[in-house]
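S.K.: Quick one: this structure, given as structure tokens, is what I'll be asking you about.
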Amino acid sequence: MAFSQPLRPIPDDETLRRHLAGADVPALLLTVAHLTGDTALLRDDLRAPGWLFQPQGGLTAARQDEARRLAFEALTAWRDRGGTHEPPDPALLRTITTWAMGSDTGDLLDLLAEEIALPQDDPKAPGWTLEGLRPGADLDVAVIGAGFSGLLAAHRLGQAGVPVVVYEKNEDVGGTWFENTYPGCRTDVASHLYNYSFAPRADWPDHFCRRDTVLEYLRDFAKESGVADRIRFGTEVRELRWDERERRWHLTLDGPGGPRTVTHRMVISAVGQLNRPQLPAVDGLGSFTGPAFHSAAWDHTADLTGKRVAVVGTGASAYQIVPELAGAASEVVVFQRNPPWLRPTPHYHQPLSGSTSWLCEHLPYYAQWYRFWLFAPGLRGILDGWIVDRGHPPTERAVSALNEQLRASLLQAMEAQLTDAPELREKVVPRYPVGAKRVLRDDGTWLATLKRDDVTLVTAPVERETPRGLVADGEEFEVDVIVYATGFQASRFLTPMKVTGERGVDLHTHWGGAPRAHLGISVPGFPNLFCLYGPNTNLVGQGGSIVYFSECATRYVLDAIRLLLTRYAEAVQVREDVHDDYNAWVDAASADRAWVWSKVSGWYKDGSRSSTNWPFSAAEYWTRTRRADPEHLRLR
Ligand code: NAP
């Protein structure tokens, strides 16, 4: 796969017409208005109510046809005038995006201009080089992890000409996408959002890409960007120790040839939040005599065909696994503590039309507007539904009037699937507010699977593992295989690494079980150490993705390094008061979000606070990470 291929010419009218038939109509209208500068196309009757949240914007077939016809006429005329294209000027960008979002986008224009940039313009690129700023500076960076964030950081450092080594514990790139090989594994973020903004893939085969496709993307990216050459595979970082005299980190590595120590001026941890599996704390764990494994460590030697399989959990992993096992196994027993809320996504398992890739490859800016269209719901709107209204008053049913509305619409969609199985309703309708746990994308597969005769839903927590199976609510369920889809140690950031900062302070002791960082990136007392996908950077159900957050955080890190170079410093860290004020702000907001307020369990919180989730909009994170503010940093 080659990234950022030059656009190809539109061959003929018939081909264009054919592919417009497969276009995503809202993205098409936005593209045409941009290319032609003619905003007359942005008519009220071509924008349905609530359209941001519906496939094809919820437009009727007749409206879609009308939009395509108008687009065809406008595009052929534009092509015949020479087919030139430029980035939209701010006024045009504001008009188009305000129409699309249904509210004024004046405050978002800089962010949106980045979204509508062509990949080669790469506005988040560092824009400086080590050679240009401080030739010969003693600077080198270790990146820990070669998943989405680590590859990105290494690429950005490479663009800036900063020497970088990536230490990766696995034998391949991909991180979570390498490790999770369970059947049915795929994204629940739209494919075209789930790639780097500057390295879009035009030909994603599915609306929500499968695990192998994501992994292939990351492998290709590592190879084409040259980052692959900088990775030391099979090398786990066990320990980081700050040396104040040298102002460098000492890293203890375990890899080919055994343990060794290396030093680097800076370290970027890109180890992910959802990396270290969490097995349930139940009695008798390990006593089962058959195969038993975690979803993220799938045992492919275990043949599940015709077997009785227990799946523990009903989170995002189990949700993808169970439908794959049903029918192949003789029986699947699903152990559920809390059912998931389901968000209608009829195209969840569907392939993208070939026209999407054709349009991305032939129509300037279609790819960017299509991505904007996928991203737009995350810019405004969704977050409001998760905010607690103390006056409502909030309950475990709903935390606000808007949250109640969301509940009603999700419930309606579930109930429509349960008319033939009313007995299931009590079991599958959540008793916690929407947004308190991850909302899963639904095309009917999950409930259809639970209705099967060969699938049993047990609505009691697993209490015990036995040699024969699992015990829940006092009853033993005998099975042949156990799959623990019980999630990850999300709140235990940077574990199991031992990290010792200034004055010998241990990071995990310092955190005391409540990890915090400024912007999820830096912790006072730990100079020259940056985290990607660090504390409070998980974007909750807002349409964006962690790839976007990693791009924002990496830009900030590169900017902090730029400051270090320009100020002739050797160490940089966030000021303690800035860090503390920031975290007070995050914690106060988090307390008023459905996931912290609700009593339901899950990885979105740890006790009474969340160290995983970002409680604001994606735009807020973009704004705060756009530049590293020298006033916020201690440079020495
Ligand atoms: P998870 O969301 O933490 O789910 C773990 C499940 O195990 C929960 O249903 C939990 O119940 C259950 N559980 C734990 N102990 C149990 C016990 N003793 N008895 C019965 N059930 C028990 O983990 P996950 O499904 O691996 O997903 C984690 C995150 O990874 C997701 O939220 C998502 O961000 C990411 N992910 C994404 C995708 C994707 O589609 N892109 C796929 C997989 C994972 P409770 O709900 O009661 O706690």
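The values are calculated or read from the model by the stated rules, or taken from the named source; none is laboratory data. Quick caveat: nothing in here was measured; it's all calculated off a predicted structure. For neighbour counting, all protein chains shown are included, and Cβ atoms are generated from backbone atoms with ideal geometry for every residue, glycine included. Calculation scope for accessible area: heavy atoms of the full protein, side chains included, ligands and nucleic acids excluded. Shrake-Rupley method; radii C 1.70, N 1.55, O 1.52, S 1.80 Å.
S.K.: Using +1 at the Cβ of each Lys and Arg and -1 at the Cβ of each Asp and Glu in segment 50-144, identify which of Ala74, Gln120, Ser103 lies farthest towards the dipole's positive end.
M.R.: It is Ala74, whose Cα lies furthest towards the positive end.
S.K.: Please get the size of the charge dipole for the chain, origin at its Cα centre, with Cβ charges of +1 on Lys and Arg and -1 on Asp and Glu, quoted in debye to the nearest 20.
M.R.: For the chain, the charge dipole is close to 980 debye.
S.K.: Does segment 384-527 classify as rounded, prolate or oblate by the C-alpha gyration tensor (a ≥ b ≥ c root eigenvalues; a/c under 1.5 gives rounded; else a/b over b/c gives prolate, otherwise oblate)?
M.R.: oblate
S.K.: Under the definition of Cα pairs under 8 Å and six or more residues apart, what whole-number percent is the relative contact order of the chain?
M.R.: 17 percent.
S.K.: Can you list the GluC sites (Glu not before Pro) in segment 307-391 that are in a DSSP coil and have 10 or fewer other beta carbons within 10 angstrom?
M.R.: Within segment 307-391, no GluC sites (Glu not before Pro) qualify (loop, at most 10 other Cβ atoms within 10 Å).
S.K.: I need the calculated FRET efficiency for the pair Asp65 and Asp443, taking r as the beta carbon distance and R₀ as 30 Å, to the nearest 0.05.
M.R.: So the FRET efficiency works out to roughly 0.75.
S.K.: Next question, about the same structure. Does segment 176-329 come out rounded, prolate or oblate by the C-alpha gyration tensor, with a ≥ b ≥ c the root eigenvalues, rounded set by a/c under 1.5 and, if not, prolate when a/b is larger than b/c and oblate if not?
M.R.: In terms of gyration-tensor shape, oblate.
S.K.: Here is a further query. Amide H neighbours of His207 under 5 Å, counting only residues 5+ apart in sequence or on other chains, H built in-plane at 1.01 Å?
M.R.: Long-range HN contacts for His207: Gln350, Leu352.
S.K.: So for Ser225, Ser269, Ser330, what's the accessible-area order with a 1.4 Å probe, most first?
M.R.: My answer, sorted largest first, is Ser330, Ser225, Ser269.
S.K.: State the extension gain, in nm to one decimal, for the chain segment bounded by Phe53 and Ser103, taking 0.36 nm per residue of separation less the distance between their alpha-carbons.
M.R.: Here the segment from Phe53 to Ser103 would lengthen by 16.5 nm.
S.K.: Same structure, new question: Over what distance in Å are the Cα centres of segment 1-50 and segment 234-252 separated?
M.R.: 51 Å
S.K.: At 1.4 Å probe size, what's the solvent-accessible area of Asp299? Round to the nearest 10 Å².
M.R.: 50 Å²
S.K.: Right, another one. Output the DSSP H helices from the chain with an along-axis C-alpha extent of no less than 18 Å and a mean Kyte-Doolittle hydropathy no less than -0.5.
M.R.: Span-like helices here: 366-379, 401-417, 546-566.
S.K.: Next up: When the solvent-accessible surface of protein heavy atoms is calculated with a 1.4 angstrom probe, in what order do Glu73, Glu423 fall, highest first?
M.R.: Glu423, Glu73
S.K.: Let me ask something else. Express in whole angstrom the spacing between the alpha-carbon centres of segment 439-484 and segment 485-541.
M.R.: Here the two parts' Cα centres lie 34 Å apart.
S.K.: Once label points are set 7 Å from the Cα along Cα→Cβ at both Thr84 and Ala421, what is their separation, rounded to one decimal in nm?
M.R.: 6.0 nm
S.K.: Shifting gears a bit: How charged is the neighbourhood of Tyr196? Take every other residue with its Cβ under 11 Å from the Cβ of Tyr196, and add Lys/Arg as +1 and Asp/Glu as -1.
M.R.: Counting the neighbours of Tyr196, the net charge comes to +1.
S.K.: Taking a 1.4 Å probe, which of Arg186, Arg81, Arg464 shows the most accessible area, and what order do the others take after it?
M.R.: Descending accessible area places them as Arg81, Arg464, Arg186.
S.K.: Can you work out ³J(HN,Hα) from phi for every residue in segment 475-488, in order, using Karplus 6.51 cos²θ - 1.76 cosθ + 1.60 and θ = phi - 60°, giving whole Hz and x for Gly and Pro?
M.R.: 9, 8, 10, 7, 9, 9, 9, 10, 10, 8, 9, 9, x, 10
S.K.: On to the next question. Per residue, how much accessible area does the chain show when a 1.4 Å probe rolls over the protein heavy atoms, in square angstrom?
M.R.: Ligands and nucleic acids excluded, the result is 39 Å² per residue.
S.K.: For labels at His300 and Ser601 in the simple 7 Å Cα→Cβ model, what's the distance in nm?
M.R.: 3.2 nm
S.K.: Is segment 314-433 rounded, prolate or oblate when judged by the Cα gyration tensor, a ≥ b ≥ c being the square roots of its eigenvalues, rounded requiring a/c under 1.5 and prolate requiring a/b larger than b/c?
M.R.: It is oblate, given that a/c is not under 1.5 and a/b is not larger than b/c.
S.K.: To continue, here is another question. Can you tell me the order of 206-217, 577-588, 545-556 when each peptide is scored by its average per-residue count of other Cβ atoms within 10 angstrom, highest first?
M.R.: Packing order, densest peptide first, comes out as 545-556, 206-217, 577-588.
S.K.: Additional query: If you count only protein heavy atoms and use a 1.4 Å probe, how large is the accessible surface of Trp597, to the nearest 10 Å²?
M.R.: 60 Å²
S.K.: Suppose the chain between Glu171 and Thr289 were pulled fully straight at 0.36 nm per residue; how much longer would it get relative to their current alpha carbon spacing?
M.R.: 39.5 nm
S.K.: Specify the inter-centroid distance of segment 126-201 and segment 301-380, based on alpha-carbon positions, in whole Å.
M.R.: So the two Cα centres are separated by 25 Å.
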